[in-house]
1. For the stretch 259-382, max minus min Cα coordinate along each principal axis, in Å, sorted largest first?
2. With a 10 Å Cβ neighbour count serving as the proxy for reagent exposure, in which order, fewest first, do M40, M696 appear?
3. How many percent of the alpha carbon pairs in the stretch 665-751 exceed a separation of 15 Å?
4. Could you tell me the distance between the Cα centroids of the stretch 509-561 and the stretch 690-712, to the nearest Å?
5. If one computes the Cα centroid of the stretch 398-435 and of the stretch 235-269, what distance in Å separates the two points?
6. Ranking Y146, Y565, Y476 by Cβ neighbours within 10 Å, fewest first, what do you get?
7. Cα centroid distance between the stretch 77-94 and the stretch 307-334, in Å?
8. Classify the stretch 207-292 as rounded, prolate or oblate, taking a ≥ b ≥ c as the square roots of the eigenvalues of its Cα gyration tensor: rounded when a/c is under 1.5, otherwise prolate if a/b is larger than b/c and oblate if not.
Amino acid sequence: MRHRFLYSLVFASGLFADVGTLIPNTKQAPDPAILSMDEMAIDIHIDGSNARVLMRQIFSSHVPAISEGNYVFALPGGALVSDFAVWDGPTRIPGVILERKRAEQLYENIRLQAIDPGLLQMGETDSDGARRTTTFSAKVVPIPPYGTKRVEIEYHQRLPLENLVSYLAIPLKPEAYRQQTVGRLWITVEAQSAHAIEAFEHAGKSYPLKVIEKTANKVRASLEIRNFTLTEDFSVTLRRSAPKAQALTVTAQRDVATEPGYFEASLVLPAEPAVQAGPPRRVTALFDASLSMQWDKLERSYAALAKLLTTLRPEDQFDLFLFNSNVSRYSPTPTPGGTAEAEKALAWLKEQPLRGATNLSAALDAALAAVNTDNAALVLFTDGGASDGEIRSGKIAAAYAAKWAASKKPRTFVFAVGDDANVNLLRALARNDGLLETINSTETPDFKLNAFLSKLQRRPAAGLALAADANLVDVYPLQEQTYSGSEAAWVGRYKQPARTNFRSGAAQLNVALPASETAHPQLPRTWAKARVDALLEKIERDGEDRATIDEIIRLSRKYKFVTPYTSFLAAPRALLRPRLIRPGDPVLRVRTDKLISSVVAVFPFGLVKPLKFLPGEDIWQTRFLAPVDMPDGTHAVNLILRDRNGHTYKESRTFVIASKPPIVRTRMDKGSYRAGDAVELRASASATTRTVTARMYGVSPVTLRWDPKSLANTARFTLPRDIAPGRYTLTVTAEDMAHNIGAEEVQINVLP
């Protein structure tokens, strides 16, 4: 049997990142017997459509030796880290923004002196991965015996307004790991808005949030709870009062009298009644079934596609394309809509293999060629990781735009799933009269998915642009399109405090900047992030140049946020240098200091292999395979490094071999049900199980969560009211940390 590998190395654990998790370096998941989360405080401040989230966590060690951990943090889509710090006892060691390569070099220097700093970067360390991922990681060392370690992280996120509702989610529910408990949890929420707040709500029945203050433009709420098991995400919604007409609102901030100030102008559009009917629709769906879409990305993409197809009416039509290295079409001709036809197409999709690379350009060409009617929608479900055919993002986008212009011009919608989605490429594709929506691996998708699907039948508002004023410079829009019930916003700088004209369409406002006495400290960073996004898009389109990179680094350091070219480094100032290991399967890859002249790997099964240096990637690399009879469990690989001066260094890392699939045992509260009944599920699985999912015809996939009271994975779902009587198969699958999959089928009787 072929072995599957799971590595517990720096940055590798981010593949399965939950929010704010400290994993012992000897484990692949949190272990409260070694490191427990004693305290977590979350401060949320919402200013209009900007949210600042500050998370402070204290972890306790329960072992008699110095230990180390990997801190992983998966950000919501579009968020950016603005602060990071670790504590050495009573001393706070704040993160310093440095050029990425310089941060890595300094980190290496410190590690060689046996002092381990915290290094926070945007995803993997290769430049291509860094442009896309939103998982951050940090090595946290040393953790004293029976001592504590405090970690702080702050991020900013822009909240989209959909149907006059803003939604902020803190994904506290473990996605990769079965259960996490915090000894003491604080959450505070403060929201203010220049537009009147009609309603404030929070989701999650287990969070006893209490509203302390609520006025027309401000809300404050908080909670404190002890010995709390994180089983739900925490989220809040703010419903804006419906505007009677389009009206501009301006906020401004000026920190230094000798420098320009910063402003944000926003325009909330009234909501329109939901479309009850309309002409027949034509939808062409492209589904990425390449290997890069495994696990969570595949589940979320499938759920989104299923919701799209099952909402089509019988008079609508759809095409379905599956692509990886090849492109397959469900039917040679368009298929009528309706639930029955959708289920047949989805059943066909499930039978197709998940394999190969991603030939995105071939899939786009095939889909365009199939669209032969006007007013069609092309909906793409992918992470955008092109790895076959044309793989250069700029070339793919340019070729598609040219072919799209010569076609029936279907509106191009993209639903991107995963922390590593190639957002720049997918945004360029969506600019062909469509839109892009992104979902992280830890995000709850419902709010974004519903908003995304609702826009397939709607058109964005036209003619929305901020008119130029002599006092305004460097203005950037904060959204691609604006729909009814949403918000158009622009951020920029103003030269001098003075009365300034703002105009967008029929809406006008003359305001004396800085506009109000209320502080808006997020505005300078919001502007800098918009400027950096524009520069990154320029690099994606035209390639790198020194001047653009230097400006990105300068803005990142001045306004303190991480970019693909910068990192946070938290270490004592006098020391400000690790050895970063980024393995593959079966590839071991090591990035070292420039002085290292040789690297040798000593594997536990007797294999000794020198690593070869790849100058183009600045990486040492070797390939290896574990023997087929190697037992399951944790194994160590030793690295022997020698520098040019003859000094030798030794490092040890671990990997886990897990070849046996989980064993699943499923129980239901009863054997027979009627349409509309609730089904209670309980399932037990092996200790290394990562996720448990139940699937049944006519029902969306249901995730079973660990329930400490019943000592089982549990879930509850409702049978559709229109489900036909009969005998149905419920399949429960369990996936472990090494991605072995076990399954059990049980029967459900639906009575007339």
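1. For the stretch 259-382, the Cα spread along each principal axis is 58, 41, 27 Å.
2. The order, fewest Cβ neighbours first, is M696, M40.
3. Value for the stretch 665-751 (Cα pairs over 15 Å): 56 percent.
4. Spelled out, the Cα-based centre of one part sits 43 Å from the other.
5. That distance is 30 Å.
6. Fewest-to-most ranking of Y146, Y565, Y476: Y146, Y476, Y565.
7. 46
8. oblate
Readers should treat all values here as calculations from the given coordinates under stated rules, not as data from a laboratory. Since the model is a prediction, treat every value here as computed from it, not as a measurement. Note: ideal-geometry Cβ built from the backbone for every residue, glycine included; neighbour counts use all protein chains shown.
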